[in-house]
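Here's the structure we're looking at; comments come further down.
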Amino acid sequence: AGRIRAAEAEEAAGILGATVEFLNYGDYPLVLDKERLESMARLIRTRKPDIILTHWKCDPFNVDHEVTAAGVLRAATMAAIPGFDPEVGKVAYPYIFSFEPTIPRNDVTGFCPDHYVEFDEVYDVKMAALRALRSQSKLVRFYQQWAEYRGFQAAQSAGRPVRYAEAFQRYTAVVDTQLPSP
């Protein structure tokens, strides 16, 4: 299963023009011990991302997603500590956003989006990438329905038509010199 999903992920990433790097930690159950957390923190320190996307902290339908979210938060915190891996230099704590759980059950997960990303112009590309995940084909319909639902919500906030959107929730606060304006 791991080899099949990895090949599908590579194909989907190619459709999106992205690359993917697998840490090969296994799953069911996913275990993130000290060594793995330190490895993730070093990866963050090396890459110095401005933004990290990860799973939402509560997903009773896939507990490995919860473990991943907790691990990413811990690794990002470790990476930002000045004394951790000092030869890499100082790393700022990145903005961390969680994406919606695979099975969007806000009533169970507590996911409450505070950021929407419209993707009307690239909808077909996103759906082609999702279809590349053939071993999880049932997800395509979930994403289609929720992209429209989140697009409706985004349109209400934006005051203009939005057909498709993805929902995110911030883990970290945005720090700026002023409030954003549309």
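The values are calculated or read from the model by the stated rules, or taken from the named source; none is laboratory data. Remember, it's a predicted structure, so these values are computed and weren't measured experimentally. Neighbour counts are summed over all protein chains in view; Cβ atoms, including those assigned to glycine, are modelled from backbone coordinates with ideal geometry. SASA here: full protein model, heavy atoms, side chains in, ligands and nucleic acids out. Shrake-Rupley method; radii C 1.70, N 1.55, O 1.52, S 1.80 Å.
Against the conditions (1) modelled with pLDDT under 95; (2) farther than 19 Å from residue 167 by Cα, residue 107 satisfies every one except (2).
Taken over segment 75-116, the criterion of being free of Cβ contacts under 8 Å to residues at least 60 places away in the same chain, within 24 Å of residue 174 (Cβ to Cβ) and open to solvent by 60 Å² or more (accessible area, probe 1.4 Å) is satisfied by 77, 81, 82, 90, 92, 112, 114, 115, 116.
Pairs meeting the criteria (first residue in segment 132-149 and under 21 Å from residue 8 (Cα atoms) and touching a residue at least 24 places away in the same chain (Cβ under 8 Å), second residue open to solvent by less than 60 Å² (accessible area, probe 1.4 Å) and small (Gly, Ala, Ser), beta carbons under 9 Å, at least 6 apart or on different chains) are 132/9; 132/12; 132/13; 132/14; 133/9; 133/12.
Among 71, 26, 2, 17, which is the only one that is out of contact with any strand residue (DSSP E or B) (no Cβ under 7 Å at 6 or more places or on another chain), open to solvent by less than 30 Å² (accessible area, probe 1.4 Å) and of a type outside the set (Phe, Trp, Tyr)?
So the residue among 71, 26, 2, 17 that is out of contact with any strand residue (DSSP E or B) (no Cβ under 7 Å at 6 or more places or on another chain), open to solvent by less than 30 Å² (accessible area, probe 1.4 Å) and of a type outside the set (Phe, Trp, Tyr) is 71.
Total residues in segment 47-67 satisfying the condition of being in a helix (DSSP H, G or I) and either open to solvent by 40 Å² or more (accessible area, probe 1.4 Å) or farther than 23 Å from residue 139 by Cβ (or both): the figure is 4.
Looking across segment 117-129, not a single residue is without any contact (Cβ under 8 Å) to a residue 24 or more places away in the chain and touching a helix residue (DSSP H, G or I) at 6+ places or on another chain (Cβ under 6 Å). Assess whether residue 53 counts as being in contact (Cβ under 8 Å) with a residue 60 or more places away in the chain and either of a type in the set (A, V, I, L, M) or more than 21 Å from residue 18 (Cβ to Cβ) (or both). Judged against the criteria, residue 53 is a match. Being within 27 Å of residue 47 (Cα to Cα), out of contact with any Leu (no Cβ under 7 Å at 6 or more places or on another chain) and β-branched (Val, Ile, Thr) is the filter here; which residues of segment 97-124 pass it? 117, 122, listed by residue number.
For residue 178, the requirement of being in a loop (DSSP other than H, G, I, E, B) and under 27 Å from residue 94 (Cα atoms) is met.
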